[in-house]
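Trainee: Here it is: the structure, laid out below.
The values are calculated or read from the model by the stated rules, or taken from the named source; none is laboratory data. Here the structure is a predicted model, which is why all the values come from computation and not from measurement. Cβ: placed from backbone, ideal geometry, glycine included. Neighbour counts: every protein chain shown. Accessible surface areas use protein heavy atoms only, side chains included; no ligands, DNA or RNA. Shrake-Rupley method; radii C 1.70, N 1.55, O 1.52, S 1.80 Å.
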Amino acid sequence: MGFLSSILGWWKRRRDGREPRRYVTETAFRENLAKQATMSPQTIAQLKKYGVTDDAILKLEFFFYTDAEAKAQGLAESLQSLNYQLESKPSARAGRLFVVTGSTTPITMNEDAVISWAEKMSRLGYEHDCYFDGWGTYPELGCAEDASLTALSKKLLGPRRNSGLDLLSQSLAELAAEDYDRAIDACTQALAIGLQDPELAANAYSLRGVAHLRKREWQQAAADCTEALQRHPGLGEAYSTRGSANLQLGEYDRAIADCSEALRLEPQGPGVYVVRGTALFHKGEYDRAIADLSEAVADLSEALHVEPALAEALSNRASAYVAKGEYANAIADCNEALRLNPKLDHAYLTRGTALARMGDYRRAIEDDSEAIRLDPTKAASYSNRSIHLANLGDYGRTLADLSEALRLDPSNATAYNNFAWYLATCPESALRDGAKAVAYATKACELTGWRKPNYLGSLAAAYAEAGEFAEAIKWQKKALEFPDYAGEHGDQARARLALYREKKPYRLS
């Protein structure tokens, strides 16, 4: 991120949970610690370009936000005890927020000293339930006059006192409080009153895109980031946010391109590698996915208090290992992910899949069941467990799980296909239903544009169970027209085709 983003205390986080009784959640505090450790060196590096040396002594200007006057006053008293100059007041244009701002005593501008100070401010703010929103400096606040540095500082810090930048700061504070609607409104107001500097306008659009992303409004997030990049094509933050939105929209090529451009432009956090790695996984590029996710794991392993993010990266990498058939590696990653975050349902599902591929269906079902207990709203969890139950011959529970999967997600093509398959091929006659199998298999094929050969094979089995063998032969032959399917499943598919020609349905053994 650029110098401006550092001064404004650019907010970037995942939703790992809510703590509504605090203004600054523990998650926000921990991520702010990590952010300050990353952003402060970047800001110092920018200052060095304009003549600030390691032995320069400057006063730093700081900014805190909170939601109660009493909290702001408590923080102000603590800062006054450090002999800092400050003021505490309601935030402009945001009556419910309070700002504490001022300047420090002179501080040596070497990296270790500034990072230590920023960490201290984050912790002090958290003690008083106030969000440390970043820092900046004027050369007039302690070091010798330098014309170019003075001009730059006035451009970036001076406007903080105008309404546009105050609204952007308000938006950052609203993000810290997880009030995304207010964050969006503040950015919209800032854009409405006019931000003359294109880079500031770009930051406003990009920040609003982050808020839309937190609200799971993927299209709006992508649109705002595109607006930001039209004004400032070098804004890496906008590329990374748009990449996350494109991943959720299933635009995997665009997500990969956005993340790659973000990484080319400027240093990024490990989240960008997670997004790009996940997109690569969905594209079937498992080696590249593992490489990106391993980069994220390495970065997160060295950071402070990022257990939820590290667990997610490990779980995603495990999915790529499963796809490559490296089941031991997948299980190891899931075990570590669950040690860090025992409530990560995705890790249970992935470990269950790996165990099932190794033939341990009972333990796979245990993991599936735990994932369902943690989050009973995900259709994929029931669909996964149904497959493992079928492998143990428990077809009654298999069909019950598939029924629940379709209740939760009526457009789940996988659940329709699997339901059709078992309704057609189950060895228990009481559970078979040829007409329903045809209807469900047809629905699965329609949802996937008739492009899934295994779904065509399920339709063929359904027609055979319904006694319509001409249709069964027709659709099994169509499935075998797909080269990959014929290569991988040809022997079994041709054996079923022979049964249909003999007017016999297929039964699971």
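Trainee: May I ask you to give the solvent-accessible area per residue for region 193-309, in square angstrom, as obtained with a 1.4 angstrom probe?
Mentor: With the other protein chains kept in place, region 193-309 gives 42 Å² per residue.
Trainee: Same structure again: Describe numerically, in nm with one decimal, the distance between label points set 7 Å from Cα along Cα→Cβ at Asp54 and at Asn391.
Mentor: 5.7
Trainee: Once the Cβ-Cβ distance between Asp360 and Arg407 is put in as r, and R0 is 25 Å, what FRET efficiency do you end up with, to the nearest 0.05? Write down the numbers at each step before the final one.
Mentor: Working: r = 29 Å, r/R0 = 1.14.
It comes to 0.30.
Trainee: Now for a different question. Within 14 Å, Cβ to Cβ, of Pro233, how many net charges do the neighbouring residues add up to if Lys/Arg are +1 and Asp/Glu are -1? Mind showing how you got there, number by number?
Mentor: Numbers: positive: Arg231, Arg242, Arg264; negative: Glu199, Glu227, Glu237, Asp258, Glu261, Glu266.
Result for the neighbourhood of Pro233: -3.
Trainee: Still on this model: Can you list, bin by bin at 10 Å, the percent of alpha carbon pairs in region 320-477, starting at 0?
Mentor: Each 10 Å bin holds this share of Cα pairs: 12, 35, 33, 16, 3, 0.
Trainee: Would you mind calculating the gained length between Arg264 and Thr377 on full extension (0.36 nm times residue separation, minus the Cα-Cα distance), in nm to one decimal?
Mentor: Numbers: separation 113, 0.36 × 113 = 40.68 nm, distance 3.83 nm.
Contour length minus Cα-Cα distance gives 36.9 nm.
Trainee: Counting only protein heavy atoms, what percent of the accessible surface of the chain is carbon or sulfur at a 1.4 Å probe? List each step's numbers first, then the result.
Mentor: Values: 10460 of 22020 Å².
On the chain, the fraction of accessible area on carbon and sulfur atoms equals 47 percent.
Trainee: Also, I was wondering about something else. Can you give me the orientation-averaged projected area of the convex hull built on the Cα atoms of region 290-405, in nm²?
Mentor: Values: hull surface 27.1 nm².
Reported value for the Cα convex hull: 6.8 nm².
Trainee: In nm, what is the difference between 0.36 nm times the number of residues separating Lys324 and Lys343 and their Cα-Cα distance?
Mentor: On the way: separation 19, 0.36 × 19 = 6.84 nm, distance 2.55 nm.
Working it through step by step, the gained length comes to 4.3 nm.
Trainee: Quote the FRET efficiency, to the nearest 0.05, computed for Ala192 versus Asp287 with a Förster distance R0 of 56 Å and r equal to the Cβ-Cβ distance.
Mentor: Values: r = 48 Å, r/R0 = 0.85.
Once the sixth-power term is evaluated, E becomes 0.75.
Trainee: So, one more: Which shape class, rounded, prolate or oblate, goes with region 420-509 when its Cα gyration tensor gives a ≥ b ≥ c as root eigenvalues, a/c under 1.5 marks rounded, and past that a/b bigger than b/c marks prolate? Each step should come with its number before you reach the end.
Mentor: Values: a/c = 1.69, a/b = 1.21, b/c = 1.39.
Since a/c reaches 1.5 but b/c is at least a/b, the shape of region 420-509 is classed as oblate.
Trainee: Then there is this: With a 1.4 Å probe and every protein chain left in place, tell me how much accessible area His232 has, in Å² to the nearest 10.
Mentor: Its heavy atoms expose roughly 50 Å² to the probe.
Trainee: Given the pairs Lys48/Lys71; Lys324/Lys452; Lys343/Lys452; Lys71/Lys378; Lys378/Lys477, which are separated by over 31 angstrom at their Cα positions? Mind dumping the intermediate values first?
Mentor: On the way: Lys48/Lys71 35 Å; Lys324/Lys452 21 Å; Lys343/Lys452 34 Å; Lys71/Lys378 40 Å; Lys378/Lys477 34 Å.
Check vs 31 Å cut-off fails for Lys48/Lys71; Lys343/Lys452; Lys71/Lys378; Lys378/Lys477.
Trainee: Another question, then. Report, as a whole number in µm² per second, the diffusion coefficient that Stokes-Einstein gives for the chain at 25 °C and 0.890 mPa s using the Kirkwood radius over alpha carbon pairs. If you can, show how the numbers build up before the last one.
Mentor: On the way: Rh = 25.8 Å.
Taking Rh from Cα pairs, D becomes 95 µm²/s.
Trainee: How big is the accessible area of Met358 in square angstrom, nearest 10, if you roll a 1.4 angstrom probe over the protein chains?
Mentor: Ignoring ligands and nucleic acids, Met358 comes out at about 120 Å².
Trainee: Between Gln85 and Ala498, what is the spin-label point distance in nm, taking each point 7 Å from the Cα along the Cα→C-beta axis?
Mentor: Between Gln85 and Ala498, the label points sit 9.3 nm apart.
Trainee: Measuring with a 1.4 Å probe in the full set of protein chains, what accessible area per residue, in whole Å², belongs to region 393-501?
Mentor: Values: 5010 Å² over 109 residues.
Solvent-accessible surface per residue comes out at 46 Å².
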